[in-house]
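For reference, the structure discussed in these notes is given below.
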Amino acid sequence: MGSTLAEKVWNAHVVHPGDSGEDLLYIDLHLLHEVNTPQAFDGLRTAGRRVRRPDLTLGTEDHNVPTIAVDKPIQDPVARRQSELMRKNCAEFGIPLLRVGDPQQGIVHVIGPELGLTRPGMTIVCCDSHTTTQGAFGALAFGIGTSQVEHVLATQTLAMKRPRDMAVTVGGPLRPGVTAKDLVLALIARIGTAGGQGHIVEYRGTAIDALSMEGRMTLCNMTVEAGSRAGMIAPDATTLEYLAGRPGMPRGAAWNAEAEHWTQLRSDPDAVFDKEVVLDGGAVSPYVSWGTNPAQSVPLDGLVPDPGDFATESERAAARHALDYMALTPGTAMRDVPVDSVFVGSCTNGRIEDLRAVAEVLRGRKVAEGVHLMIVPGSASVRRQAVAEGLADVFDRAGADFRAGAGCSMCAALNEDRLRPGERAASTNNRNFEGRQGRGSRTHIVSPAVAAATAVSGRLAAPDDL
Amino acid sequence: MEKFTVHHGTAMPLRRSDVDTDQIIPVRFLNHSERTGHADALFADWRTDPGFVLNQPQYQGASVLIAGNDFGTGSSREYAVWALLNYGFRAVVAPRFGDIFHGNALMNGLLPVTLAEETVERLWDLVTAEPARRVTVDLTESSLRCGEVCASFRIEEGARRRLLSGLDLIADTLRHEDSIASYESTRRSAMPVTTSL
């Protein structure tokens with residue numbers, strides 16, 4: 001029997017096979033951000049331990065950083081204290097840190113690939129659930145908690161049981177105007193928030209082959225919203241094209257050797273998956289969420305569902321709670337739902353291709369009266385590119401608020417960018433949990449194109465509606 | 001890590017599914033850098049409702065939380081585990097847990113007890129009818145007892161051993177330092193390093 005891609009990457013990193021089901025797994029890249037890490041450094045200090053491999057560790061400031069006035073000290077005292085602590089910890093333990101204002105700073109899952117640190121076949125961890133994003137490159141990348149951060153800092157390993165294997169095969173191609181975001185919402189709506197629990201998902205099929213690296217990252221990013229441990233896509237020509245010439249990337253014969261190694265990283269034809277899902281990519285249309293978890297999503301063409309139509313009492317109760325929180329009436333057309341605010345950004349959709357999609361819709365149009373469209377670049381580099389390509393001018397002319405600083409912004413709602421209680425937003429982020437974008441906030445998860453069209457129309461809309 | 005062997009206490013029924021970590025501790029409370037002091041932030045937004053189960057006098061002092069399906073989904077924030085521990089919970093019972101939360105709980109000595117949905121519903125009914133009813137969570141024999149309910153659960157053997165002994169996982173791993181060094185000597189030379197950026 002052949003092996004899956006995940007199994008191959010896992011097996012290549014086993015330092016010590018566990019005697020009780022857990023293997024000791026070597027970690028190639030450990031990314032840190034300012035919010036979930038101080039306790040890990042305190043643990044090291046208390047035990048008198050060092051960081052084993054600072055050269056395989058990188059910190060960035062992204063979760064709580066301001067997106068305006070980035071050249072000035074952070075105003076919010078809590079955020080300032082967290083950043084100061086991060087700077088002190090990284091300096092003390094010799095870990096490189098990309099601070100606000102650094103030309104390479106950005107959201108941790110955006111900069112890993114941008115800087116060429118994220119490569120096929122690696123193991124990558126970060127104290128953030130959306131680390132799954134980086135599986136788009138055929139890396140095994142997943143989120144960990146603070147205690148595990150401390151463990152990786154001290155040992156460069158993790159003790160873990162290998163998750164099961166799940167294949168999601170998507171035939172295609174996707175229809176014009178349908179994006180990786182719509183595909184992943186459709187998938188989660190079908191398999192549920194625990195559909196991938198305990199599994200590493202490998203995406204494959206003609207629709208996946210046709211996706212850009214940005215699209216693949218969006219897909220793997222939200223894989224965690226289906227409860228999966230990680231998402232992976234086997235490296236191919238698209239992957240190599242993205243990676244070639246990135247900082248630190250080998251050149252000449254060394255590049256050829258790496259490229260040859262990477263293209264062999266794929267599941268064997270006779271590999272067996274513990275679970276398989278097949279999806280018709282050609283049948284997917286733009287999707288929007290209506291509830292308070294990402295599985296509570298329907299096609300934009302659809303209606304707010306009736307809780308009575310769900311199969312189990314627990315689902316019916318969850319739907320009632322969600323509709324009450326979201327202040328929506330069953331049977332309302334999703335297109336009739338008005339919004340106050342639109343957010344474009346996050347590790348799900350804050351990359352250059354996402355900003356291009358938004359600009360394409362906004363070109364020659366205006367944001368609707370009374371709607372605030374905020375666009376936050378995923379990294380400083382994304383912002384520079386958006387300016388160079390003229391996207392920033394398009395945003396300006398349309399009346400959008402294109403922020404100067406890169407970071408998680410209104411996805412994490414840890415800085416000053418947040419919705420007011422009761423405010424409703426179309427958002428390109430990944431979570432519509434209660435209060436996720438600010439206390440009492442109401443979030444509809446959408447793709448960048450739907451976000452832009454919604455900003456223009458003032459109601460949930462696709463570009464074709466304009 | 002605090003040891004977990006046998007715990008006796010009372011239970012609190014949280015009759016909700018999909019309790020994500022943003023509900024367990026809203027993001028605005030991830031603002032101080034210790035593992036302690038998070039008790040007041042636990043379910044902070046839901047606690048503003050006087051009828052919320054945490055506010056009901058009959059469940060004060062409960063140390064076992066009994067929740068619906070998919071408890072602890074979402075963010076990797078270990079604050080969610082710390083907030084539950086700081087409040088006084090030693091075990092959470094649910095039919096299914098978010099993966100990262102489950103791992104974080106085991107690392108901190110908060111026992112995640114996975115039981116069938118029907119069993120959880122029976123436990124809800126039992127402790128609602130009699131909030132003072134005693135619950136025993138026994139990791140030595142991997143069982144939970146409450147009234148006529150006696151259910152067994154599974155914890156990964158490695159994690160179970162660590163919980164029973166209170167073993168420091170990092171110290172345990174460092175016993176394999178030679179294997180780690182030897183693995184490092186075989187890594188591909190073209191792998192990226194962060195110090196060259």
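Some observations on this one:
- Pairs meeting the criteria (first residue in region A:1-27 and more than 7 Å from chain B (Cβ to nearest Cβ) and closer than 18 Å to A:Ala139 by Cβ, second residue surrounded by fewer than 17 Cβ atoms within 10 Å (Cβ to Cβ) and of a type in the set (A, V, I, L, M, F, W, C), beta carbons under 6 Å, at least 6 apart or on different chains) are A:Asp23/A:Val14.
- Residues of region A:208-224 that turn out to be more than 13 Å from chain B (Cβ to nearest Cβ) and either crowded, with 22+ Cβ neighbours inside 10 Å or under 16 Å from A:Asn430 (Cα atoms) (or both), as a count: 10
- Residues of region A:353-364 include none that is within 14 Å of another protein chain (Cβ to nearest Cβ) and open to solvent by less than 20 Å² (accessible area, probe 1.4 Å).
- Identity of the residue in region A:395-422, part of a loop (DSSP other than H, G, I, E, B) and of a type in the set (A, V, I, L, M, F, W, C), that ends up most open to solvent (accessible area, probe 1.4 Å): A:Ala404
- For region A:272-301, the candidate set comprises residues that are of a type in the set (Gly, Ala, Ser) and touching a residue at least 12 places away in the same chain (Cβ under 8 Å); within that set, the residue that is farthest from the other protein chains (Cβ to nearest Cβ) is A:Gly282.
- Tally of residues being without any contact (Cβ under 8 Å) to a residue 24 or more places away in the chain and either open to solvent by less than 40 Å² (accessible area, probe 1.4 Å) or at the interface with chain A (Cβ under 7 Å from one of its Cβ atoms) (or both) across region B:152-183: 11
- Residue within region A:76-92 that is β-branched (Val, Ile, Thr) and surrounded by 17 or more Cβ atoms within 10 Å (Cβ to Cβ) present: no
- Total residues in region A:442-464, condition within 14 Å of chain B (Cβ to nearest Cβ) and either surrounded by fewer than 24 Cβ atoms within 10 Å (Cβ to Cβ) or touching a Ser or Thr at 6+ places or on another chain (Cβ under 7 Å) (or both): 2
- Failed item in (1) assigned to a loop (DSSP other than H, G, I, E, B); (2) farther than 24 Å from A:Arg383 by Cα; (3) touching a Gly at 6+ places or on another chain (Cβ under 9 Å), with A:Thr67 passing the rest: (2)
- Scope region B:50-69; condition within 12 Å of chain A (Cβ to nearest Cβ) and at pLDDT 95 or above; matching residues: B:Ala67, B:Gly68
- Filter pass, B:Val127 being open to solvent by less than 10 Å² (accessible area, probe 1.4 Å), touching a Leu at 6+ places or on another chain (Cβ under 6 Å) and either under 30 Å from B:Gln56 (Cβ atoms) or within 14 Å of chain A (Cβ to nearest Cβ) (or both): no
- Flag if A:Ser314 is modelled with pLDDT of 95 or more and among the polar types (S, T, N, Q): no
- Among the candidates A:Ala392, A:Ala425, A:Ala380, the residue that is touching an Asp or Glu at 6+ places or on another chain (Cβ under 8 Å), open to solvent by 10 Å² or more (accessible area, probe 1.4 Å) and of a type in the set (A, V, I, L, M) is uniquely A:Ala380.
- Exactly one residue out of B:Val135, B:Val149, B:Val113 is at negative phi, in contact with a Cys (Cβ under 7 Å, 6 or more places away or on another chain) and either of a type outside the set (Phe, Trp, Tyr) or within 9 Å of chain A (Cβ to nearest Cβ) (or both): that is B:Val135.
- The condition of being surrounded by fewer than 14 Cβ atoms within 10 Å (Cβ to Cβ) and on the phi > 0 side of the Ramachandran plot holds for only one of A:Gly227, A:Gly248, A:Gly308, A:Gly252, that being A:Gly252.
- The single residue among A:Thr4, A:Thr37 that is more than 20 Å from A:Ile233 (Cβ to Cβ) and of a type in the set (Ser, Thr, Tyr) turns out to be A:Thr37.
- Selection from region A:324-376 of residues that are in contact with a strand residue (DSSP E or B) (Cβ under 9 Å, 6 or more places away or on another chain) and among the hydroxyl-bearing types (Ser, Thr, Tyr): A:Tyr325, A:Thr332, A:Ser341, A:Ser346, A:Thr348
One line per residue, one yes/no per condition, for (1) more than 20 Å from A:Asp102 (Cβ to Cβ); (2) in contact with a helix residue (DSSP H, G or I) (Cβ under 9 Å, 6 or more places away or on another chain); (3) hydroxyl-bearing (Ser, Thr, Tyr):
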position: A:Thr329; (1), (2), (3): yes, yes, yes
position: A:Ser341; (1), (2), (3): yes, yes, yes
position: A:Gly350; (1), (2), (3): no, yes, no
position: A:Ile375; (1), (2), (3): yes, yes, no
position: A:Gln385; (1), (2), (3): no, yes, no
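- Given (1) part of a helix (DSSP H, G or I); (2) within 23 Å of A:Asn293 (Cα to Cα), number of the condition B:Asn86 does not satisfy: (2)
- Members of region A:201-231 that are among the aliphatic types (A, V, I, L, M) and either under 21 Å from A:Pro173 (Cβ atoms) or out of contact with any Phe, Trp or Tyr (no Cβ under 7 Å at 6 or more places or on another chain) (or both): A:Val201, A:Ala207, A:Ile208, A:Ala210, A:Leu211, A:Met213, A:Met217, A:Leu219, A:Met222, A:Val224, A:Ala226
- When B:Val92 is tested against (1) of a type in the set (A, V, I, L, M, F, W, C); (2) within 14 Å of chain A (Cβ to nearest Cβ); (3) buried (at least 17 other Cβ atoms within 10 Å of the Cβ), exactly one condition is not met: (2).
- Exactly one residue out of A:Gly43, A:Gly59, A:Gly2, A:Gly21 is open to solvent by less than 30 Å² (accessible area, probe 1.4 Å) and under 30 Å from A:Asp268 (Cβ atoms), and it is A:Gly2.
- Of the residues examined, A:Pro269 is not one that is open to solvent by 30 Å² or more (accessible area, probe 1.4 Å), of a type outside the set (A, V, I, L, M, F, W, C) and either in a strand (DSSP E or B) or within 13 Å of chain B (Cβ to nearest Cβ) (or both).
- Residue count, region B:1-49 (criterion: of a type in the set (Val, Ile, Thr), assigned to a loop (DSSP other than H, G, I, E, B) and more than 13 Å from chain A (Cβ to nearest Cβ)): 1
The values are calculated or read from the model by the stated rules, or taken from the named source; none is laboratory data. Everything quoted here is computed from the prediction, not taken from an experiment. Neighbour counts run over all protein chains shown; Cβ positions are idealised from the backbone, glycine included. Please note that ligands, DNA and RNA were not included when accessible areas were found on the heavy atoms of the full protein model with its side chains. Shrake-Rupley method; radii C 1.70, N 1.55, O 1.52, S 1.80 Å.
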